Structures are given as structure tokens and as C-alpha cells.
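The structure is given below, and queries will be raised subsequently.
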Amino acid sequence: MTLKLFLIRARKLLVALMNPRILRAFLRSGVMASSEHRVILARPWRTIVDIGANRGQFALAAREWTKAQIVSFEPLPGAVQVFRHALEGDARVRVHQLAIGPDVREGTMHVSGRDDSSSLLAIGGEQSRLFPGTGEVGTLSVRVAPLSSTIDAEEIAPPALLKLDVQGYEYDALLGCENLLSKFSGIYCECSFIELYEGQRLAFEVIALLVERGFVLSGMYNPTYDDEGRCIQADLWFSSSDRT
């Protein structure tokens, strides 16, 4: 474990010890809330759409620091099972076992040794080299569909946040949200600056897509660097002034 990863986990544990709901979820399911995203959650969100929810890390943080209704999407059945256990009985949170993309289809999920690094794109050599233990261990057929197949526009009460953490599939997932993007005041999206997954669109392409849709790149959070000082990936924050 790197020092940076150790410090991140130590901070998350400290946050859990200070927040009873987060601590109960951790003790019940082993899921730790993603407290590193608190700066984005410190806004009066009424709706949060959480794409790439994994085991509920982001949803737990959103549940603690917002009053929003949270709709999460995660295609891996094992992760969904843990998510539901971590947030059992919470009326403000619901999760769908589904990947978001531009078309309705059956997709092949490339399952990583760490399930939060799994992707609809094949795992590349740089991903495995830079993040040991994240290589492919198998594949799984999953459902893929546009966001509008599950959510109606009227359900997205403003101000609304769209969060994506989909391991290289960001561009296509955003296309899968195309006809609902105008409902969101902000988009929070993990993007890569180098190719970690085969054929993935890089950060500059995601930025260009969202600028064309009326969003502005307003911040960068939680960057990861390699030994040469290259930024590998980061969480990019996009805002839209006419929807705040």
C-alpha cells in the first residue's frame, strides 16, 4: 500500500468514527464513505444521480452530507448486493443494477481484481502497471441502457448533480445521459489523462463534449500522479451557470 493510499484510508476511517451513520454502514458492510468528495457535496443538492456506484461509497457520503434524493447505478451484481446491505432501509437512496450508455444492449464487463476498477472497456496495460492488482480476472454480461430508460426528467429536482465514475467509459456514459443533461447544474466526473482502458476517451475529449453541452470546467479534485509527475487521472468538476 502506498503512503498516499494509506493516508486516504486513514482519513476515511477518522470521518467514519465521527459520523454514526457512516460508522454503522462500515461495521455492517465494510463500505467506507468517500469523504474525499465532501467539497462537491457541500451544496444544496436536491437530486444526485450516481453512475458507477460500486458498493455505495459515494452514496454513503452523499447521504451524510446532503438532503438529496440519490439514484445510483451499478452493473456488477456483487457490488449491488453490498450497496443494498450498506444502505438498507434508506428511503432516500435507490440503486439500479444497470450500466449507463447510449444504447440498450448487453455489454461485457471486464472484471478487475479490485471490483471498483472494472469497466465496459478492456483493462489496459497502464492500468495494471500503475495500479497493481487491478488486472482483469474475468468477464460478465451486464445490462446497458440510457439514463432516460430509468429516470424521467420530472424526477430530477433542481439543483441536481450528475456523478460518474465508470473507469474509462465516461464519454459513452455521458452520451447515455444526453437527453437529460440539461436537468443538471453540475457534473462530477473521474477522467483520465492517459489511456488506462483500451479505446477510452481522455479528459480533453470529455471536456470538449461537455463544453459543447453548455458546461464549464470549474475544478479538479483528487488527482493521481505517476513517478514522473504525470497526472494520471482526476475528478473533474463541471458547472452550468444557467442551472444553479
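Could you rank 114, 213 by how accessible they are, 1.4 Å probe, largest area first?
Numbers: 114 100, 213 75 Å².
Reading off the accessible areas and sorting them downward yields 114, 213.
Roughly how many debye, to the nearest 20, is the charge dipole of the chain about its Cα centre, given +1 on each Lys and Arg Cβ, -1 on each Asp and Glu Cβ, and no other charges? Write down the numbers at each step before the final one.
Working: 26 positive and 29 negative charges, 247 e Å.
Using only the charged Cβ atoms, the result is roughly 1180 debye.
Working out 0.36 nm times the residue gap between residue 208 and residue 38, then minus their Cα-Cα distance, what length gain in nm do you get to one decimal?
58.6 nm
On to the next question. Just to confirm, what accessible area per residue do you get for the chain at 1.4 Å probe, in whole Å²?
Numbers: 11320 Å² over 244 residues.
I get 46 Å² per residue for the chain.
Could you tell me the calculated FRET efficiency between residue 178 and residue 116, based on Cβ-Cβ distance and R0 = 30 angstrom, to the nearest 0.05?
Values: r = 26 Å, r/R0 = 0.85.
Once the sixth-power term is evaluated, E becomes 0.70.
How much length, in nm to one decimal, is gained on full extension between residue 155 and residue 217, taken as 0.36 nm per residue of separation minus their Cα-Cα distance?
On the way: separation 62, 0.36 × 62 = 22.32 nm, distance 2.56 nm.
Residue separation times 0.36 nm, minus the Cα-Cα distance, leaves 19.8 nm.
Given a 1.4 angstrom probe, I'd like the percentage of the accessible area of the chain that is carbon and sulfur, rounded to a whole number.
Details: 6010 of 11320 Å².
Exposed carbon and sulfur together represent 53 percent of the surface.
Still on this model: Going from most exposed to least, what order do 192, 239 have by accessible area with a 1.4 Å probe?
Numbers: 192 5, 239 30 Å².
Greatest to least solvent exposure: 239, 192.
Net charge near residue 76: determine it from the other residues with C-beta under 15 Å of the C-beta of residue 76, scoring Lys and Arg +1 and Asp and Glu -1.
On the way: positive: 55, 84, 114, 143; negative: 50, 74, 106, 115, 116, 136, 165.
Taking every Cβ under 15 Å from that of residue 76, the sum is -3.
Nearest 20 debye, what's the magnitude of the dipole of the range 106-173 about its Cα centre given +1 on Lys and Arg Cβ and -1 on Asp and Glu Cβ? All intermediate terms of the calculation are to be shown ahead of the outcome.
Working: 4 positive and 11 negative charges, 57 e Å.
Dipole size: approximately 280 debye.
What are the DSSP H helices in the chain that stretch 15 Å or more along their long axis, judged by alpha-carbon atoms, and whose average Kyte-Doolittle hydropathy comes to at least 0.5?
On the way: long enough: 3-18 (23 Å, 1.44).
Those that pass (Cα extent of 15 Å or more, hydropathy at least 0.5) are 3-18.
Could you order the peptides 201-212, 224-235 from most to least packed, using the average number of other C-beta atoms within 10 Å per residue? Working shown, then result.
Numbers: 201-212: 15.9, 224-235: 13.7.
Answer by packing, highest mean first, reads 201-212, 224-235.
Sticking with this one: Order 110, 85 by their accessible area, 1.4 angstrom probe, all chains in place, largest first. Before the final figure, lay out the partial values.
Details: 110 35, 85 75 Å².
Sorted descending by solvent-accessible area, the residues read 85, 110.
Given 0.36 nm per residue, what is the gain on full extension from residue 140 to residue 67 after removing their alpha carbon distance, in nm?
Details: separation 73, 0.36 × 73 = 26.28 nm, distance 3.46 nm.
Length gained between residue 140 and residue 67: 22.8 nm.
If you count the DSSP beta bridges with both ends in the chain, what percent of them are antiparallel, to the nearest 5?
On the way: 24 of 44 bridges.
Of the beta bridges lying entirely in the chain, close to 55 percent run antiparallel.
Would you tell me the accessible area of residue 109, worked out with a 1.4 angstrom probe on the heavy atoms of the protein chains, in Å² to the nearest 10?
Accessible area of residue 109: about 10 Å².
The values are calculated or read from the model by the stated rules, or taken from the named source; none is laboratory data. Model, not experiment: these values are computed from the prediction. With ideal geometry, Cβ positions are generated from the backbone for all residues, glycine too; neighbour counts draw on all protein chains shown. Heads up: the accessible areas ignore ligands, DNA and RNA and are worked out on the full protein's heavy atoms, side chains in. Shrake-Rupley method; radii C 1.70, N 1.55, O 1.52, S 1.80 Å.
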